[in-house]
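The structure appears right after this line, and notes come after that.
The values are calculated or read from the model by the stated rules, or taken from the named source; none is laboratory data. Everything numeric in this text was worked out from a predicted model, so none of it was measured. Note that each Cβ is placed from the backbone with ideal geometry, even for glycine, and that neighbours are counted across all protein chains shown. Just the protein is used for accessible areas: all its heavy atoms, side chains included, with ligands, DNA and RNA removed. Shrake-Rupley method; radii C 1.70, N 1.55, O 1.52, S 1.80 Å.
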Amino acid sequence: MSSASLSRQRRFILPQPGDSLAAIAARELPGMDAAAAMQHLEAWNLHIFLMRRPAGLLTGCDVVFVEPPLATAGA
Amino acid sequence: MFDCVIRNGLIVDGSGLPAFKGDLALSDGRIAVVGAVRGAGAVEFDAGGRVVAPGFIDPHTHFDAQLLWDGAARPALEHGITTVVPGNCSLSLAPLRIADREALSGMFRQIEELPKESLDGSAFTWTWESFDGYLDALRRTLKINVAPLVGHSVIRLWVMGEAANQRAATAEEQAAMQGLLRACLEAGAVGLSTSYVDVDANLHPVPSRFAHSDELDGLAAVLGEFGRVLQVVPEFYNTDITIARVDQLAELSLRHNITTTFSPLFDSANTPDNVSRVMARVREQVRRGARVWPQVQTRPIDISFSLDLPSLFFAGNPPWYHAMRLPRPERLRLLKDATHQARLVAAAGADGGDAWLGSLILRQLPGDNEGLEGRTLREIANSRGQGSAQTLIELSLEHDLQAHFLAANRGHEIPERVGPLLADPLVHIGASDGGAHICSFSTYGDTGYLFSKFVRETGLLSLEQAVKKITLDTASIWGLPNRGLLRAGYAADVVVFDPDTIDRGPERAVSDVPGGGMRYVRDSVGVDAVFVNGTLAWDRGGYKDASVGSIVT
């Protein structure tokens, strides 16, 4: 069974070596103003920006969401 | 003549098939006969009215250091656990260069809440650097079986030194890690553990968290060569991230044909759809052929603490968390200082901490406690005419920080929700964390609780189902040969218990950790005897002297 059979889940990326959050914002949110893209990444990734010291420290294993939470059924 | 015959028991053999009355003969460390045993045993054990089952297997522990001063992993063995898997969460005690001992000890102390003396060489002698050297050190005094994981953070530390928790690995470093993992698996490791949440003594992410996906992919490829397991700790507090980890594990499982497991998966009122959403994703991935096993613990989340030691109870409140991590003299000064007190009270909430702390139960107070034990902090605070946070501080200071509090049922406490989850064929019962967080809660007795709460009290699992879950299922998931079943030729790991009384005892504080450190433990209830590799290792008379445990691989 292929991955095509999987239900839609929130889209994320795993950082590449040398990645920064700014680089991820530019790559994953093309066409969006850089500052706005970073604001979106912050809002969607509180585990990186709010729960970590220093805030915004990106580690190689991080899940970085590149879209907001999906609407839940019935919401 | 057999070495031992256990007679007249109710045999629950681990297969999940119906129990039956019969005998069990043990010889040369193996099960010789299951059923009617005609010959005599050098030792005869009457199991009338008792269940005879395979020894339980605990797949998520941190007994790595404790096993060096206590080969029985007390009190795990007396609960019927005959095999433990240490080395979880990216941390093992090998391979480890001498120069890196202090760095690794800091990580262990952070996660296991062990005092410095337990790892500074006074409780045991560091005689190894390599993984097989560590196993040799363990073998000398083992009373329980050990199926060891090797930790990803430790492998990184060996190859990258100080850079291990700073940056991505180069291609050469990744190749060196693969070679090192290969050597550990050849020596007897049953898999690799990694962590996405753990921090070191400075609250900095542990080395495994700096690994990019290509590094983990390369290590998973080595696991595939050996058919070994990958264990991870996901960001369990966030459902979307946990689902992302399920997908990541599924891809690794499919690409390298390996078994993966993640722990923990909790039921929580804070995120009521967490379990259903994660399990739905696990089902989808299993249908694709991936092997992704969520580990679920049996016990509710209870956290005990005093202000005498750091506690993960405060992890969600940074001002309190950092204050409690200060050295004791500094912490005492801060708690006594009115300005700092006010800051902490303010950080506890606008209601004086009543919502956050008011439901805490005062569980233990030295000396004359004026009938306070068992009362909630809010009740005590009301009687003193102050808020809960102020009362927590003052009560602690009045008793030299020896007031012990219990935060009960902070999640995973509703049997009607947890029971069906434990019974799910795609759920791996585990995540006990045995030997970790020792100052915050007891990690012992989860198996007794499985039988008392979910078999006997609520009937959400059958006796046979519960036994299978913590014996054959665990051995199968982890690829432990000849364990987890009562079958002729299998290892004679056996537990004899009373199905009407088996339980976990009340949680109590003891001071038996090297250096005078305390921990919370629970005694076993309703367990009569535990055999390890055919030899009686524990009965109601206590622990036996023989070192009968082995490295299981």
**OP:** Would you please give the FRET efficiency between B:S122 and B:A546, computed as 1/(1 + (r/R0)^6) with r the Cβ-Cβ distance and R0 = 22 Å, to the nearest 0.05?
**Re:** 0.25
Original post:
With every protein chain in place, what's the accessible area of A:H40 (1.4 Å probe, Å², nearest 10)?
Top reply: 70 Å²
Original post:
By accessible area of protein heavy atoms, probe 1.4 Å, what ranking do B:K336, B:K544 get, highest first?
Top reply: B:K336, B:K544
Original post:
What are the lysines whose alpha-carbon lies under 28 Å from the alpha-carbon of B:K116, with same-chain residues fewer than 8 places away excluded?
Top reply: B:K143, B:K336
Original post:
Given N residues in the range B:216-352, what is Rg(Cα) / (2.2 N^0.38 Å)?
Top reply: 1.44
**OP:** For B:E129 and B:R333, compute 0.36 nm times the residue count separating them, minus their Cα-Cα distance, and round to one decimal in nm.
**Re:** 69.4 nm
Subject >> Whole-percent pair-distance distribution, where bins are 10 Å wide, for the alpha carbons of the protein assembly as shown >> reply: 3, 16, 25, 27, 19, 8, 2, 0, 0
Original post:
Near B:D3, within a Cβ-to-Cβ distance under 12 Å, what is the net charge of the other residues, with Lys and Arg +1 and Asp and Glu -1?
Top reply: -1
Original post:
Which value, in debye to the nearest 20, gives the size of the charge dipole of the range A:12-65 about its Cα centre, when Lys and Arg are +1 and Asp and Glu are -1 at the Cβ?
Top reply: 160 debye
Original post:
Which translational diffusion coefficient, to the nearest whole µm²/s, is obtained for the range A:12-65 from the Stokes-Einstein equation, given a Kirkwood hydrodynamic radius over C-alpha pairs, 25 °C and 0.890 mPa s?
Top reply: 221 µm²/s
**OP:** Write down the Kirkwood hydrodynamic radius of the range B:437-517, to one decimal in angstroms, obtained as one divided by the mean of 1/r over all alpha carbon pairs.
**Re:** 14.9 Å
Original post:
If you put +1 on each Lys and Arg Cβ and -1 on each Asp and Glu Cβ, how big is the dipole of the range B:303-409 around its Cα centre, in Debye rounded to 20?
Top reply: 320 debye
Subject >> Estimated distance in nm for a label pair at B:R139 and B:S511, the labels positioned 7 Å out from Cα along Cα-to-Cβ >> reply: 3.8 nm
Original post:
Of A:L41, A:A22, A:L58, whose Cα points farthest to the positive end of the dipole of the range A:12-65 (charges on the beta-carbon: +1 Lys, Arg; -1 Asp, Glu; origin at the Cα centre)?
Top reply: A:L58
**OP:** Using +1 at the Cβ of each Lys and Arg and -1 at the Cβ of each Asp and Glu in the range B:149-267, identify which of B:V233, B:L185, B:L219 lies farthest towards the dipole's positive end.
**Re:** B:L185
Subject >> B:A99 versus B:R288: modelled label distance in nm, points set 7 Å from Cα along the beta carbon direction >> reply: 4.2 nm
Original post:
For chain B, what is the relative contact order in percent, using Cα pairs closer than 8 Å and at least 6 residues apart in sequence?
Top reply: 21 percent
Original post:
Which is the longest part of chain B that has none of the GluC sites (Glu not before Pro) sitting in a DSSP loop with at most 13 other Cβ atoms within 10 Å?
Top reply: B:1-369
Original post:
On the first, second and third principal axes, largest extent first, how far apart are the outermost C-alpha atoms of the range B:303-409 in Å?
Top reply: 31, 29, 28
Subject >> Hull shadow area, averaged, chain B [alpha-carbon convex hull, nm²] >> reply: 24.8 nm²
Subject >> For chain B, with +1 on Lys and Arg beta carbons and -1 on Asp and Glu, the positive-most of B:A40, B:L395, B:V525 along the dipole >> reply: B:A40
Original post:
Using a 1.4 angstrom probe and counting only protein chains, how large is the accessible area of B:L480 in Å², to 10?
Top reply: 10 Å²
**OP:** Mind putting a number on the dipole of the protein assembly as shown about its Cα centre? Charges go on the C-beta only, +1 for Lys and Arg and -1 for Asp and Glu, and I need it in Debye to the nearest 20.
**Re:** 760 debye
Original post:
What FRET efficiency do you get for B:A201 and A:S3 if R0 is 41 Å and r is their Cβ-Cβ distance, rounded to the nearest 0.05?
Top reply: 0.55
**OP:** Kindly compute the accessible surface that chains B and A hide from a 1.4 Å probe when together, both sides summed, and give it to the nearest 100 Å².
**Re:** 2200 Å²
**OP:** Over the protein assembly as shown, with every protein chain in place, what whole percent of the accessible area is carbon and sulfur at 1.4 Å, could you tell me?
**Re:** 52 percent
**OP:** Mind grabbing the accessible area of B:S276 for me, 1.4 Å probe, Å², rounded to tens?
**Re:** 70 Å²
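Antiparallel as a % of all DSSP beta bridges within the protein assembly as shown, to the nearest 5?
Numbers: 43 of 74 bridges.
In the protein assembly as shown, approximately 60 percent of DSSP beta bridges are antiparallel ones.
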Subject >> the range B:322-376 and the range B:521-553: distance between their alpha carbon centers, rounded to Å >> reply: 40 Å
Subject >> Residues of the range B:184-200 with amide N under 18 Å of the 7 Å Cα→Cβ point at A:L57 >> reply: B:195-200
Original post:
For B:G316, what charge total do you get from the other residues with a beta carbon under 15 Å from its beta carbon, if Lys and Arg give +1 and Asp and Glu give -1?
Top reply: +3
Subject >> B:N382-B:A488 FRET efficiency (beta carbon distance; Förster radius 56 Å; 0.05 resolution) >> reply: 0.30
Original post:
At B:A42 and B:A163, where each label point lies 7 Å from the Cα along Cα→Cβ, what is the point-to-point distance in nanometres?
Top reply: 5.7 nm
Original post:
Which whole-number percentage describes the relative contact order of the range B:303-409, with Cα contacts under 8 Å and a sequence gap of 6 or more?
Top reply: 33 percent
**OP:** Mind listing, in residue-number order, the residues in the range B:205-222 that have at least 10 Å² less accessible area with every protein chain present than in their own chain alone (1.4 Å probe)?
**Re:** B:P205, B:R209, B:F210, B:A211, B:H212, B:S213, B:D214
Original post:
Taking H as built 1.01 Å from N, whose amide H comes closer than 5 Å to the amide H of B:V525, not counting residues under 5 places away?
Top reply: B:D503, B:G505
**OP:** Search the structure for amide H atoms under 5 Å from the amide H of B:Y444, placed 1.01 Å from N in the peptide plane, and list their residues when 5 or more places away or on another chain.
**Re:** B:R522
Original post:
Given the rule -39500 (n - 2.57) for each run of at least 4 DSSP H residues, summed and divided by the residues of chain B, what is its mean residue ellipticity at 222 nm, to the nearest 500 deg cm²/dmol?
Top reply: -9000 deg cm²/dmol
